[in-house]
Every structure is written in C-alpha cells, then in structure tokens.
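Colleague: Take this structure first; my questions come after.
The values are calculated or read from the model by the stated rules, or taken from the named source; none is laboratory data. Not measured: the values here are computed from a predicted model. So basically every Cβ, Gly included, is an ideal-geometry build from the backbone, and we count neighbours across all protein chains shown.
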Amino acid sequence: MSENGFKPRIVAFLCNWCSYTASDLAGTSRVKYSPRVRMIRVMCSGRVDPSFVLKAFALGADGVLIAGCHPGDCHYIEQNYKTMRRHAMLRYFLEQMGIQPERLRLVWASAAEGQYLAESIDQFVADVQKLGPLRWSGVWEDPWRREDAFDEIAAEHAEAMEVQA
Amino acid sequence: MNGEPKGKLALYWAASCGGCEIAVLAINERILDVDALFDIVFWPVAVDAKVHDVEKMADGSIDVCLFNGGIRTSEQEYMARLLRKKSKVLVAFGSCAHEGCIPGLANSTSRRRIFETVYHETPSTENTDHVEPQPSTAVPEGTLHLPVFYDTLRTLDQTVKVDYYLPGCPPEADRIWDAITAIVENNLPPPGSVIGAETTVCQECPRKRNEKKVKKFYRTWEIIPDEETCLLEQGLLCCGIATRAGCGARCPQVGSPCIGCYGPNEGIHDHGARMMAALASTIDSNDPEEIDRIIRDGIPDPVGSFYRFGLAASHLRRKKEAMIET
Ligand code: SF4
Ligand code: SF4
Ligand code: SF4
Ligand code: FES
C-alpha cells in the first residue's frame, strides 16, 4: 500500500505543560524532527476529545499523535488517564471502521524529554509512511452517484405525463 | 391565523421505516388543527397528490415540508432537491433525515454487501438467475429505469440545505406539536437549529446518580438492573449521557438503557465520539491492559453501540471497505 514519494500528513495534539514544552526544547536544542507534523497545543491531553481525532482523519490526516504528561504527572490530576482510556476506545473503534489503529498513537513525554519526543515523532511519521495514505474523504465519494441522473428523472416524469394526457 | 389564508404543508419520506409517518398521526386529534391551519399539498402516504403536481408548483410555494428518511437512492435525492426548491422551510423530520439512523447504520457495510444479502443470501430468497436491480434495462418497448442505489447513505443536510431538525426515532408527539406550534406562531429558533431541548436524557431521568466507576460492561440480557440506580453505573451502555433530552427518558424509566435515538445533545456533532469520551471517563482502571480488556469484553460492537443512529452524520460517515463491484 505504501506509495513512492508519499508524505504523510500528521496532526499532533500536545499538552501545554509537558509535550509542547518538550517540542520547544527539541527546537531550541536544535534536535531535528519531521516537518510532516502539524502541532496543536492543548492545555492537557485530556482536552483531546475523540471527535478531534475523528475530524482530523475525516479532513485528511494520515495519522494522529496525542502527547501528554506521564501517568501520574498530569497537571489536572488524572485527566491523562482518561486520555489513556479514550485512546484505547478510539483504537478499537477505528479498527471496526476500517482504519488501521496504528494511525493513532499516544506518547508520554515530560518537558525535559525533547530528544525523546522528537524521536517518537520521527518514528510515528515513518510508521504512517509505511501504512500509506488514508484519504478518508474518498470513502464517501459515491461511484454510483451521477449529477445528470436528476435531469433524466425530471425528463422521464415529463414524458410520462405526456403519454397520460 | 384566523381569516388568514391557509399555509401549504408537504410531508415526504425517503430511506425510512415509515414510523415517522405514524408519528405524525400520534399527535391524535391535533391533526385536525393541522388540517385547519394548512392545506396538505403533498403526502404520498395520505394524500393523492403526485410528484408531477409538485414539479408544477412554483418554487418556494410550499410553506413547510417535513421530510423524513435519509438519502440512499438517486430518486430520493431527486425528491430532496425538488422539495427543497419548492419549500420555504425544509425540516429534517426524525432521526433518519437528521442523522441517518438505522438505514445509515448500513454505512458500516457496502452496496455490494447489501445486494448480496438482500438478493442472494437470505434463506427466503430464491434467485437462481442472479437478478439484481439495474439502473437501466432494455426491453422491447424501450429502456426501463430504476433509481440508482448509492454505496453510502447521506443525511438530508449532506444532500440539500436544511432549515430545521426535529430529532428522535421517531420524534415524540408532543415535540412534533411543539414544532408545529413554533412554525405557526413564527416562534422558531435561528435557521439550522434543532427544534428541541438542549440538555441530555440524564437530565430527564429519575434514576439516582453517584460517581460512575465501571469495571465491567454488560449487555442488556446479561443482568437485571436494579430499579433505582443509574443504568450506566450498573455497567449497561446507556447513551443518555450523550443524547439530547426530549423523550422524558422513556427507556431508562423502564429499565432499558437509552440507545441514543434523539441524537447528540446541543453543541455536539459526533454522537459516538461523545459517547466514547463519556464512557472512557467511567472506566475504573488506569492500567492499559485492563482497560483494553474491559472495553473489548464488554463492548463487542462499538459502532452499533455508539453510532446506532448517528453513523451517517458522524465525522467518518461510513466504514471503509475494499470496493468490490460487478
Ligand atoms: S427516524 Fe425512526 S421512526 Fe422515523 S423513519 Fe427513521 S427509523 Fe423510522
Ligand atoms: S440511566 Fe442513563 S439516562 Fe439515566 S442517569 Fe444513568 S446514564 Fe443517564
Ligand atoms: S431514552 Fe434514548 S433511546 Fe429511549 S426514547 Fe429517549 S432518546 Fe430514544
Ligand atoms: S496536563 Fe499534561 S496531560 Fe494533563
């Protein structure tokens, strides 16, 4: 399925207190990581509603990464445990919908782990690269739907009325 | 409305079960008030006006059209476009038009699979010639046309612009009456709104709620829930927490979990995503393996459990399947 030259589009939700700071740290320490990632800062990984993830896929993301504080370190006490459970729930659901669950990844990275976060991002980009493009909006483009069918229907009705009259 | 000319009302059905047609009659004798206020210019179930009569009407000449059903075929799409053009106010009436409902749950399969099941596999089917409906068939007299059956069911507002939504499978009689009254009194919310309550079924549910901590989910036949406690706390997948109020919590009142027929509550687009978020909060474990076990053992069918009514309207809309077509 992997295509030559395919550049995955990744959306990453990063917790303000740890992972986003870690990505900053990676930047200031000149650690390089893949430019394929669009980062979205959230106040806590627990803010990442499952609908954000599904919307990202529906709008063209090939992979979604969620990064938060290590379990036990969440600034909002235990919101990241919810993240952990939502992640499990989402992966299970994605599987049933025909999306490889590997397209969603959860990473714990503290503010000091710039290097680790950069590596995790690169690894994820490489893994999604192997999975190939998702192109989700294509799944509801209906091959049987024809714009001209509606004119045909109208014409047929008109014709039927003439026969009756 | 005294002395004013009567309004023009149309009702139509597309991919639906017919229940919404019955639901209109469930307003009982108030249907006579509707008749006093409106001329019903088109209603295939009850009135003898034909599609051609609608085609001849001036654009915008129908005041209100209550449209139930999702869009599965080219003919239904044609009717949705036609009635949109002819109506001032188009209401997506009931869950099917609003969010796809059970017909939209077939977005978890494909046109090919549906045809296989319906025309070949069901035990009562005898179809040795492998006949399937064709969009056009040549016969000596000319060419016969059948509507094209789409791969994906769309909601009404994925097809044409919708002015209002009336949720529910089917909408409750009193809510229908509220909507009719709002229309007649010109007391409607801003266009694009759902006509109904904003809160969740939980708000209408008399069951006692405590902190929700669930170690195991059950299917309805596995336990007999107690009479008083919240069903979700007892491990039943009750969608009341993510579902719009309006029914008076009918199902949990009689010991059956809400399956979500009123769609998501106000401000929520993706019903199932909301359910997943809410359920994840209730799971009583912080251990990834145990969490996985609780989910997989207790929820054998996440799409059917979280998106029974809202799959077609969800962000993902349908399941991805390898397209096989003959
Ligand atoms: S919303 Fe429910 S009652 Fe109405 S047509 Fe659809 S399935 Fe039937
Ligand atoms: S039983 Fe269902 S509707 Fe009632 S309070 Fe519990 S979750 Fe809400
Ligand atoms: S409790 Fe839920 S499923 Fe039952 S009627 Fe109300 S909204 Fe529909
Ligand atoms: S604050 Fe970082 S995950 Fe909650």
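Colleague: Which numbered condition in (1) touching a Phe, Trp or Tyr at 6+ places or on another chain (Cβ under 7 Å); (2) polar (S, T, N, Q); (3) within 14 Å of chain A (Cβ to nearest Cβ) is the only one that B:THR125 fails?
Modeller: Result: B:THR125 passes all but (3).
Colleague: Hey, could you check segment B:192-225 for residues that are within 14 Å of chain A (Cβ to nearest Cβ) and either within 16 Å of ligand 1 (Cβ to nearest atom) or at pLDDT 95 or above (or both) and say which is nearest to B:CYS258 (Cα to Cα)?
Modeller: Looking only at segment B:192-225, we keep the residues that are within 14 Å of chain A (Cβ to nearest Cβ), and these are B:211-215, B:217.
Narrowing further to those that are either within 16 Å of ligand 1 (Cβ to nearest atom) or at pLDDT 95 or above (or both): B:214-215, B:217.
On the way: B:VAL214: 17, B:LYS215: 20, B:PHE217: 15 Å.
Checking each candidate, the answer is B:PHE217.
Colleague: Find the helices (runs of 4 or more DSSP H) located wholly in segment B:26-129 whose residues include 2 or more that are without any contact (Cβ under 8 Å) to a residue 40 or more places away in the chain and either assigned by TED's automatic domain parsing to the domain that holds B:ALA173 or out of contact with any Lys or Arg (no Cβ under 7 Å at 6 or more places or on another chain) (or both), and list them. Let's see the steps before the verdict.
Modeller: Numbers: elements: B:30-37, B:51-56, B:74-86, B:94-99, B:101-105, B:111-115.
Answer list for segment B:26-129: B:30-37, B:51-56, B:74-86, B:111-115.
Colleague: Whether any residue in segment B:231-246 is assigned to a loop (DSSP other than H, G, I, E, B) and either over 27 Å from the mean Cα position of the chain (by Cα) or within 16 Å of ligand 1 (Cβ to nearest atom) (or both) is what I want to check. Before you say what the answer is, go through the steps one by one.
Modeller: Keep residues of segment B:231-246 that are assigned to a loop (DSSP other than H, G, I, E, B), which gives B:231, B:235, B:237-238, B:245-246.
Next, from what is left, pick out any that are either over 27 Å from the mean Cα position of the chain (by Cα) or within 16 Å of ligand 1 (Cβ to nearest atom) (or both): B:246.
Yes, segment B:231-246 has at least one match.
Colleague: Further question on the same structure: Here is a list of conditions, (1) touching a residue at least 60 places away in the same chain (Cβ under 8 Å); (2) more than 9 Å from every other protein chain (Cβ to nearest Cβ), and B:GLU321 meets all of them except one; can you say which number that is?
Modeller: That leaves (2) as the condition not met.
Colleague: Out of all the residues in segment A:145-157, which are exposed (fewer than 11 other Cβ atoms within 10 Å of the Cβ) and either closer than 18 Å to B:ARG72 by Cα or facing another protein chain (nearest Cβ under 8 Å) (or both)?
Modeller: Pass one, segment A:145-157, residues exposed (fewer than 11 other Cβ atoms within 10 Å of the Cβ): A:147-148, A:155.
Within segment A:145-157, A:GLU147, A:ASP148 qualify.
Colleague: Could you please tell me which pairs satisfy a Cβ distance under 7 Å, a separation of 6+ or placement on different chains, a first residue in segment B:274-290 that is facing chain A (nearest Cβ under 8 Å), and a second residue that is assigned to a loop (DSSP other than H, G, I, E, B) and hydrophobic (A, V, I, L, M, F, W, C)?
Modeller: Note: pairs meeting the criteria are B:ARG274/B:ILE268.
Colleague: When you go through A:PRO50, A:PRO8 one by one, which is the residue that is away from chain B (no Cβ under 14 Å) and either closer than 29 Å to A:PRO133 by Cα or within 16 Å of ligand 3 (Cβ to nearest atom) (or both)? Give the derivation first.
Modeller: On the way: A:PRO50 fails: away from chain B (no Cβ under 14 Å).
The unique qualifying residue is A:PRO8.
Colleague: Residues in segment B:204-218 that are surrounded by 13 or more Cβ atoms within 10 Å (Cβ to Cβ) and touching a residue at least 60 places away in the same chain (Cβ under 8 Å): how many?
Modeller: Qualifying residue count, segment B:204-218: 5.
Colleague: Moving to a separate point now. Being of a type in the set (D, E, K, R) and within 16 Å of ligand 3 (Cβ to nearest atom) is the filter here; which residues of segment B:66-122 pass it?
Modeller: B:GLU99
Colleague: Right, next: I'd like the full set of residues that are at the interface with chain A (Cβ under 9 Å from one of its Cβ atoms) and either surrounded by fewer than 24 Cβ atoms within 10 Å (Cβ to Cβ) or farther than 25 Å from B:ALA106 by Cα (or both), limited to segment B:262-273. Let's see the steps before the verdict.
Modeller: Of all residues in segment B:262-273, those at the interface with chain A (Cβ under 9 Å from one of its Cβ atoms) come to B:268-270, B:272-273.
Answer for segment B:262-273, where residues must be at the interface with chain A (Cβ under 9 Å from one of its Cβ atoms) and either surrounded by fewer than 24 Cβ atoms within 10 Å (Cβ to Cβ) or farther than 25 Å from B:ALA106 by Cα (or both): B:ILE268, B:HIS269.
Colleague: Would you say B:GLY248 is within 16 Å of ligand 3 (Cβ to nearest atom), touching a helix residue (DSSP H, G or I) at 6+ places or on another chain (Cβ under 6 Å), over 27 Å from B:LEU316 (Cα atoms) and at pLDDT 95 or above?
Modeller: Taking the combined requirement at face value, the residue satisfies it.
Colleague: Here is a further query. Kindly indicate whether B:SER87 is touching a helix residue (DSSP H, G or I) at 6+ places or on another chain (Cβ under 9 Å), more than 14 Å from chain A (Cβ to nearest Cβ) and at pLDDT 95 or above. First the steps, then the outcome.
Modeller: On the way: touching a helix residue (DSSP H, G or I) at 6+ places or on another chain (Cβ under 9 Å): no; more than 14 Å from chain A (Cβ to nearest Cβ): yes; at pLDDT 95 or above: yes.
Here the answer is no, as B:SER87 does not meet what is asked.
Colleague: In addition: Pull up segment A:34-73, narrow it to residues that are among the hydroxyl-bearing types (Ser, Thr, Tyr) and buried (at least 20 other Cβ atoms within 10 Å of the Cβ), then point me to the one that is nearest to ligand 1 (Cβ to nearest atom).
Modeller: Step one: list which residues in segment A:34-73 are among the hydroxyl-bearing types (Ser, Thr, Tyr), which gives A:34, A:45, A:51.
Add one more test, that the residue is buried (at least 20 other Cβ atoms within 10 Å of the Cβ), and what stays is A:45, A:51.
Numbers: A:SER45: 37, A:SER51: 23 Å.
Here the residue is A:SER51.
Colleague: Go through B:GLU228, B:GLU185 for me and flag whichever is of a type outside the set (Lys, Arg), surrounded by fewer than 19 Cβ atoms within 10 Å (Cβ to Cβ) and at pLDDT 95 or above. Let's see the steps before the verdict.
Modeller: Numbers: B:GLU185 fails: at pLDDT 95 or above.
Only one candidate passes the filter, namely B:GLU228.
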